[in-house]
1. Which condition does ILE187 not pass, out of (1) in a helix (DSSP H, G or I); (2) aliphatic (A, V, I, L, M); (3) open to solvent by less than 40 Å² (accessible area, probe 1.4 Å); (4) closer than 30 Å to LYS290 by Cβ, if it passes all the others?
2. Just checking, how many residues over region 244-263 are open to solvent by less than 50 Å² (accessible area, probe 1.4 Å), under 26 Å from GLY353 (Cβ atoms) and either in contact (Cβ under 8 Å) with a residue 60 or more places away in the chain or not in a helix (DSSP H, G or I) (or both)?
3. Restricting to helices (runs of 4 or more DSSP H) lying wholly in region 1-106: which have 1 or more residues that are open to solvent by less than 10 Å² (accessible area, probe 1.4 Å) and farther than 25 Å from VAL131 by Cβ?
4. Of all residues in region 135-153 being closer than 26 Å to ARG93 by Cβ and in a loop (DSSP other than H, G, I, E, B), which is most open to solvent (accessible area, probe 1.4 Å)?
5. Just the residues that are surrounded by fewer than 17 Cβ atoms within 10 Å (Cβ to Cβ), under 16 Å from ASN245 (Cα atoms) and of a type in the set (A, V, I, L, M, F, W, C), please, taken from region 301-319.
6. In region 270-292, what count of residues is obtained for those that are within 22 Å of ASN178 (Cβ to Cβ) and open to solvent by 10 Å² or more (accessible area, probe 1.4 Å)?
7. Kindly list, by first and then second residue, each pair from a residue in region 178-189 that is under 11 Å from PRO216 (Cβ atoms) to a residue that is of a type outside the set (S, T, N, Q) and assigned to a loop (DSSP other than H, G, I, E, B), limited to pairs with Cβ atoms under 8 Å and residues at least 6 apart or on different chains.
Amino acid sequence: MKYVELETPVLLIDREIMIDNLKFMQNYASVNNVHLRPHTKTHKIPTIAKLQEELGAKGITVAKVGEAEVMANHGLTDIFIANQVVGKSKIERIRKLAETIEVSFGIDDPYHVNEIEAVFEGAVKKAQVVVEIEVGENRSGVIEESAFRALLESIKASRNVEFKGVFSHDGHSYKAENLDECREIFIDSVKRTLRFAEISEEMGLKPKVVSIGSTPSLMQNYEIPEGVTEIRPGTYVLMDASQANVIETYDRCAATILTTVISKPTAERVITDVGAKGITAQRRSKGVTKTEGLGYIKGFDDVHIFDVFDEHAIIYNEKFRDQVSIGDKVEIIPNHICPVCNLHEKAYLISNGEVVEELAVECRGKLQ
């Protein structure tokens, strides 16, 4: 069937663009002699995660235990949970996963070690932990070297916790004012991550994994220094309007929301049938990822979503209003594709105007 015949609003993924994106990042990893462990929180679709592995990825990254469980149930066997996991019940779920797959997860405090130590008592395999290093994003992660050393000492003193390595996320690259600053953020973040890897080796805990990455910096073909073992981009697979601004083209945007024009109440206002529940109300307001409005209308010059209600997108553009009729369908390139995918139960893979596959977004809503 033609994809324009689908009921709207609906999430579309262009197969050829997506495959090209996957091959681009896999090639980048290979050229730099590092593993690619893509963050699947972007698409949340096991079918795509398997495709990423088929093309060369060494396992996958997820954000939550629930996502890891879904991916494991679909045959993914090497999973990193790039987050601190707190709470006995969640750690028990990781222990169960570890019985059948390779699973590791993030920590940044001795509290985590103590909790994990108790839950993994008697387990066949030790808990595999990766310490997060704060590199400037102002989020989670170890900041002081002294705190890192204390954390490693707590791991060395444990019976059931094994240090696997370190990871970082230069998410502040999204707000870099230009590509020069983006490069500086990347270089500084990698340097800091490698410094903590050196400390761990000095303490007798040689890291098996030194994991870095975010899409804005990794799309720039920066040389990856020796010592880094893997990269974890996520958004690269589908891209979005904010990432398009970084690389100055929408050509790599594989995901769109197909929406129907349902009203033209004024000489310049157009209403379509998707709102915050289908594209979010998220803006990018700073730096290289800064976007105009709440989404870009594909194929139209400088037409963006002005505002959204729960179920309505509002566009103010007289020329666009004259170009479309009620009942017409247009595509929106969202500002931030990760939360958008989480709003949809399924996506349609399209090729040359035809629907070729229906994909269940099976990790949708797995917040725990």
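1. Failed condition: (3).
2. Narrowing region 244-263 to residues open to solvent by less than 50 Å² (accessible area, probe 1.4 Å): 244, 246-247, 249, 253-261, 263.
Remaining after also requiring under 26 Å from GLY353 (Cβ atoms): 244, 247, 249, 253-261.
When the remaining residues are screened for being either in contact (Cβ under 8 Å) with a residue 60 or more places away in the chain or not in a helix (DSSP H, G or I) (or both), the result is 244, 249, 253-261.
Counting residues in region 244-263 that are open to solvent by less than 50 Å² (accessible area, probe 1.4 Å), under 26 Å from GLY353 (Cβ atoms) and either in contact (Cβ under 8 Å) with a residue 60 or more places away in the chain or not in a helix (DSSP H, G or I) (or both) gives 11.
3. On the way: elements: 15-31, 46-54, 65-73, 88-97.
Fully inside region 1-106 and qualifying: 15-31, 46-54.
4. Restricting attention to region 135-153, the residues satisfying the condition of being closer than 26 Å to ARG93 by Cβ are 139-142, 151-152.
Right, trim to in a loop (DSSP other than H, G, I, E, B) and you get 139-141.
Values: ARG139: 141, SER140: 37, GLY141: 13 Å².
It comes out as ARG139.
5. Residues satisfying the conditions do not exist here.
6. Keep residues of region 270-292 that are within 22 Å of ASN178 (Cβ to Cβ), which gives 283-292.
Right, trim to open to solvent by 10 Å² or more (accessible area, probe 1.4 Å) and you get 283-288, 290-292.
Adding up the residues that qualify gives 9.
7. CYS182/ALA176; ARG183/TYR222; ILE185/GLY136; ILE185/ASP170; ILE185/ALA176; PHE186/ASP170; PHE186/TYR222
The values are calculated or read from the model by the stated rules, or taken from the named source; none is laboratory data. The structure presented is a predicted model; accordingly, all values stated were derived computationally and were not measured. For neighbour counting, all protein chains shown are included, and Cβ atoms are generated from backbone atoms with ideal geometry for every residue, glycine included. Accessible surface areas use protein heavy atoms only, side chains included; no ligands, DNA or RNA. Shrake-Rupley method; radii C 1.70, N 1.55, O 1.52, S 1.80 Å.
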